[in-house]
Amino acid sequence: MSLALTGAVAGLAGPAQAATKTTAVFENCDAPAPQPDGSGNQNWTVTLPDGAKAGDVVPITIDPGASPLIPSFSVTTVNTSKITLKVGATTQVVTSPPETVSVVAGQPLDPKAFSGTIKIPDGTEGTTVQVALDLAVTDADLSGSVFTTTCTPAPRPSASLGSVAVEALPKDPVTTKLTPNSGPAGTAVVVNGANFPAGPVTCSALLAGAATGDTGTGTADASGAATCNITVTKKADTIRIDGSITPYKAFVFLEEQAGVKNPVDVEVLPGPLALGPKDGQPAVSFGAVTINGKAQSVVGVFNAATVQDFRGGSLGWDVTATRTPFLNQTTGHSMAKAQIGIQPSCTVTNPDSPSTCTAGTPGAISDVPMKVASQAAGGDELTGGEFAVGGAGMIQLPPFMFADTYQTVVTFSIA
């Protein structure tokens, strides 16, 4: 085990953006023993672009300034920081690259800045999106053992660290669907799109990025939904509604071939959505502590669960976590006030997976399902793949309890 020696969360740095703002944020920081907890102001300097469109992924630069925690001893650790931000009504996490830091007793850590990105939420056209601090987590790696310090702003979320003005115009026009998406010369195709100005639209077929000469016409309604009709007479590999951004939609052109035709069919059956291992994981030990009359924390790592999505469709999934109370079933002793939290992680384990996965927001696991990972539905696009879901854990122990060995069972479920 190692100690999270400071509550500072490394910030983001990069080239100057359009608007920079410094905000003092009061934080309460929980550090694993023997590092004492602390509280105080941390001066966050955030740089964001002046404007963007809804749905855009934009750069963010954060320099958090000196930590409110004062280290009680000197040590060298490798720190990774996770900043949970409130971006409008959404919650997003920006993670730093690992940073080797030399902590000096009595001197607050002032981590380096680092850069990342946030997504401007959909549906925010014509508004100003505020960005605020929701949680600051530092994982300190000391010789392979990781300890976590968590700093919570008060109030939570904090005052605005910066803002982005969102254009009133809708998002970029896109081509969303072809019906059918294959056929020989003479195939009539209905092309659908979104985010177009109301009125007439045109569509065109392309081969290797060059127009083939096949075009069509249609209309877009007041919501931006567009429909265009085109007949494919020449070889093409993509079709678009003109004015849309790439990628366009793929079209498979079936060329006529002379000779005797031999059709070959193959049926592809859907596989399962599975969470494993099916027999459960071996117990994870978070070590031992000695009662000292103070609240203490211990950290560890959950064994990763495997997600296999072989359904062959466009559905998404959510993995949630619940737990049982901390107790010793033999002695009957329990720890009602103990808590266990998770910093979720989700990684793609099969490089051919058509989907990515998203880790959930750090938090406490209880008997109420908590989302720890998810795969978004794909709409008209294929989803699926193989993933590993796990994360770092922290148990927060009360000052007094029966000396005993306690266990809680954390259950991951998928739907």
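Do we find a residue being touching a Gly at 6+ places or on another chain (Cβ under 7 Å), closer than 17 Å to Asn181 by Cα and of a type outside the set (Asp, Glu) anywhere in region 255-272?
no
Select from region 26-46 the residues that are at pLDDT 90 or above and surrounded by fewer than 23 Cβ atoms within 10 Å (Cβ to Cβ) and list them in ascending order.
So the first thing to find is which residues in region 26-46 are at pLDDT 90 or above, and the list is 26-29, 39-46.
Matches in region 26-46: Phe26, Asn28, Ser39, Gly40, Asn41, Asn43, Thr45.
Just to verify a result, which residue in region 181-223, among those that are of a type in the set (Val, Ile, Thr) and touching a residue at least 24 places away in the same chain (Cβ under 8 Å), is surrounded by the most Cβ atoms within 10 Å (Cβ to Cβ)? Show your work before the answer.
Looking only at region 181-223, we keep the residues that are of a type in the set (Val, Ile, Thr), and these are 187, 189-191, 201-202, 212, 215, 217, 219.
Next, only the ones that are touching a residue at least 24 places away in the same chain (Cβ under 8 Å) stay: 187, 189-191, 201-202, 212.
Values: Thr187: 17, Val189: 23, Val190: 15, Val191: 28, Val201: 22, Thr202: 14, Thr212: 19.
The residue in question is Val191.
For the list (1) under 29 Å from Pro32 (Cα atoms); (2) part of a loop (DSSP other than H, G, I, E, B), I need the number of the one condition that Gly123 fails.
(1) is the only condition that Gly123 fails.
Kindly indicate whether Gly106 is assigned by TED's automatic domain parsing to the domain that holds Phe26, in contact with an Asp or Glu (Cβ under 8 Å, 6 or more places away or on another chain) and not in a strand (DSSP E or B). So that I can check it myself, show each step before the final result.
Working: assigned by TED's automatic domain parsing to the domain that holds Phe26: yes; in contact with an Asp or Glu (Cβ under 8 Å, 6 or more places away or on another chain): no; not in a strand (DSSP E or B): yes.
It is false that Gly106 is assigned by TED's automatic domain parsing to the domain that holds Phe26, in contact with an Asp or Glu (Cβ under 8 Å, 6 or more places away or on another chain) and not in a strand (DSSP E or B).
What number goes with the only condition from (1) surrounded by 15 or more Cβ atoms within 10 Å (Cβ to Cβ); (2) in contact with a Ser or Thr (Cβ under 6 Å, 6 or more places away or on another chain); (3) within 26 Å of Ala415 (Cα to Cα) that Gly276 does not pass?
Looking at each condition in turn, Gly276 falls short on (1).
Of all the residues that make up region 393-415, how many are touching a Gly at 6+ places or on another chain (Cβ under 6 Å) and among the aliphatic types (A, V, I, L, M)? Let's see the steps before the verdict.
Applying the first criterion (touching a Gly at 6+ places or on another chain (Cβ under 6 Å)) to region 393-415 yields 393-394, 399.
Subset that is among the aliphatic types (A, V, I, L, M): 394.
Going through region 393-415 one residue at a time, the tally reaches 1.
In region 79-122, what count of residues is obtained for those that are under 17 Å from Leu135 (Cβ atoms) and among the aliphatic types (A, V, I, L, M)?
Within region 79-122, residues that are under 17 Å from Leu135 (Cβ atoms) and among the aliphatic types (A, V, I, L, M) number 7.
State which residue is nearest to the chain's Cα centre (by Cα) when the search covers only region 47-57 and only residues that are surrounded by fewer than 22 Cβ atoms within 10 Å (Cβ to Cβ) and on the phi < 0 side of the Ramachandran plot. So that I can check it myself, show each step before the final result.
Residues of region 47-57 surrounded by fewer than 22 Cβ atoms within 10 Å (Cβ to Cβ): 49-53, 55-57.
Filter once more, keeping what is on the phi < 0 side of the Ramachandran plot: 49-53, 56-57.
On the way: Pro49: 21, Asp50: 24, Gly51: 23, Ala52: 20, Lys53: 20, Asp56: 15, Val57: 13 Å.
Among those that are surrounded by fewer than 22 Cβ atoms within 10 Å (Cβ to Cβ) and on the phi < 0 side of the Ramachandran plot, it is Val57.
Collect the residues in region 340-370 that are over 17 Å from the mean Cα position of the chain (by Cα) and modelled with pLDDT under 90, keeping them in residue-number order.
Gly341, Ala364
Of these, Leu85, Leu69, which one is over 24 Å from the mean Cα position of the chain (by Cα) and buried (at least 16 other Cβ atoms within 10 Å of the Cβ)? Even if it seems obvious, please write down each step before you answer.
Details: Leu85 fails: over 24 Å from the mean Cα position of the chain (by Cα).
Exactly one of Leu85, Leu69 is over 24 Å from the mean Cα position of the chain (by Cα) and buried (at least 16 other Cβ atoms within 10 Å of the Cβ), namely Leu69.
One line per residue, one yes/no per condition, for (1) surrounded by 15 or more Cβ atoms within 10 Å (Cβ to Cβ); (2) among the small types (Gly, Ala, Ser); (3) part of a strand (DSSP E or B):
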site: Val307; (1), (2), (3): yes, no, yes
site: Val319; (1), (2), (3): yes, no, yes
site: Ile340; (1), (2), (3): yes, no, yes
site: Pro344; (1), (2), (3): yes, no, yes
site: Asn350; (1), (2), (3): no, no, no
site: Ser355; (1), (2), (3): yes, yes, no
site: Thr361; (1), (2), (3): yes, no, no
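For Phe302, all conditions in the list (1) out of contact with any Pro (no Cβ under 8 Å at 6 or more places or on another chain); (2) outside any strand (DSSP E or B) hold save one; what is the number of the exception?
Going through (1) out of contact with any Pro (no Cβ under 8 Å at 6 or more places or on another chain); (2) outside any strand (DSSP E or B) one by one, Phe302 breaks only (2).
Does Ala136 satisfy being of a type outside the set (Val, Ile, Thr), buried (at least 18 other Cβ atoms within 10 Å of the Cβ) and in contact (Cβ under 8 Å) with a residue 24 or more places away in the chain? Lay out the reasoning, then the answer.
Numbers: of a type outside the set (Val, Ile, Thr): yes; buried (at least 18 other Cβ atoms within 10 Å of the Cβ): yes; in contact (Cβ under 8 Å) with a residue 24 or more places away in the chain: yes.
Answer is yes for this residue.
The values are calculated or read from the model by the stated rules, or taken from the named source; none is laboratory data. All figures in this text were calculated on a predicted structure; none of them were measured in a lab. Reconstructed Cβ throughout: ideal geometry from the backbone, glycine too, with neighbour counts over all protein chains shown.
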